[in-house]
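So the structure is just underneath, and the comments pick up after that.
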Amino acid sequence: MQQFFLDISLNEDQTVPLSDVVARQLTRVLRYRGGESIRLVDAEGTAFLCTVHLRGKFVEAVVGPELDETREVQAPLILALARIKRDKWEWALQKTCELGVTAIVPLETTRVNEPPATPHRIVRDERILREAAEQSERHRIPILERPRRLEDMLQSSVVECPASCGDLKRDVLQGDVQRIVLAERHEGTSRLREVLEGLDQTRPVILFVGPEGGFTEGEFQAMQEAGVAFASLGSRILRAETAAVFAVGTVAQWMGER
Ligand code: SAH
């Protein structure tokens, strides 16, 4: 079913006008004629089953019952992914959104070769996240954080985020966060699933994934000194975007939903 996010609160039986962009998609692209069901998710992250009504060139939705479903992971799951090549980056955003990521931090590391993202790119990234969240019928759009340097993230795990993610900010501020680096070629590193066995499913997790060239030895050492847990995804060397998707999927499934 088609889903759209609205930045207002909804109540059952209310009639809400839909934006031009949504109206155009429903009537021109999907050829809705009125009477169809759609999902609307409001500013509180509550999903409602709604019915589309056409009023001349305006499109409205009549809000129906609240949907009793769980779609979000039970604790914040943050992916700190090195800024990899543009097409791979966009792919990773889309897939990790489908898998349940809460926030993505573009990570600056020694071997990152990409130029900084332009404002136009950031808008595009946010659109990718919104569309993936709608497509996968999530209740929240993942937050795209500002780029952070690895060393800064090791000093303080505080992830900056807008007011809408108050819980996330509070949790992370409490220093409650569990940090894991995905490390290839590290003899004796435990598999991610074994590392998770020792962690708490109700506390936030940050996953660090390196760029195409990997993390440097110095960066691994700094992470070790900062108490970050090391985890392996197996003996094969994966592309950064594959590692990000695999790790987010594994952690999201382990955490479960609320
Ligand atoms: N160029 C590096 C590989 C980098 S892969 C080399 O050849 O050694 C990019 C990132 O994906 C890594 O920094 C790591 O975070 C993650 N990654 C890739 N394969 C992995 C594996 N088998 N286990 C854990 N992490 C992996």
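The values are calculated or read from the model by the stated rules, or taken from the named source; none is laboratory data. All figures in this text were calculated on a predicted structure; none of them were measured in a lab. Quick reminder, even Gly has a Cβ in these numbers, built from the backbone with ideal geometry, and neighbours come from all protein chains shown. These area figures cover heavy atoms from the full protein model, side chains too; ligands, DNA and RNA do not enter into them. Shrake-Rupley method; radii C 1.70, N 1.55, O 1.52, S 1.80 Å.
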- Task: Report, by residue number, each residue of the stretch 209-223 that is among the small types (Gly, Ala, Ser) and either within 11 Å of the ligand (Cβ to nearest atom) or closer than 21 Å to Ile104 by Cβ (or both).
- Result: Gly210, Gly213, Gly214
- Just a yes or no: is a residue in the stretch 129-141 more than 23 Å from Gln253 (Cβ to Cβ), surrounded by 19 or more Cβ atoms within 10 Å (Cβ to Cβ) and either in contact (Cβ under 8 Å) with a residue 40 or more places away in the chain or not β-branched (Val, Ile, Thr) (or both)? no
- Query: Considering only residues of the stretch 191-208 that are open to solvent by 50 Å² or more (accessible area, probe 1.4 Å) and more than 18 Å from Gln74 (Cα to Cα), which is nearest to the ligand (Cβ to nearest atom)?
  - Reply: Arg191
- Item | Long-range neighbours under 9 Å by Cβ, at least six apart or interchain, first residue closer than 21 Å to Val105 by Cβ within the stretch 186-208, second within 11 Å of the ligand (Cβ to nearest atom) and open to solvent by 50 Å² or more (accessible area, probe 1.4 Å) | Leu192/Phe246
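Rundown of residues vs (1) farther than 16 Å from Phe4 by Cβ; (2) open to solvent by 10 Å² or more (accessible area, probe 1.4 Å), yes/no style:
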residue: Arg24; (1), (2): no, yes
residue: Leu30; (1), (2): no, yes
residue: Val41; (1), (2): no, no
residue: Arg55; (1), (2): yes, yes
residue: Gly64; (1), (2): no, yes
residue: Leu67; (1), (2): no, yes
residue: Arg71; (1), (2): no, yes
residue: Leu81; (1), (2): yes, no
- Does Ala132 satisfy being in contact with a Cys (Cβ under 6 Å, 6 or more places away or on another chain), under 30 Å from Ala247 (Cβ atoms) and more than 16 Å from the ligand (Cβ to nearest atom)? yes
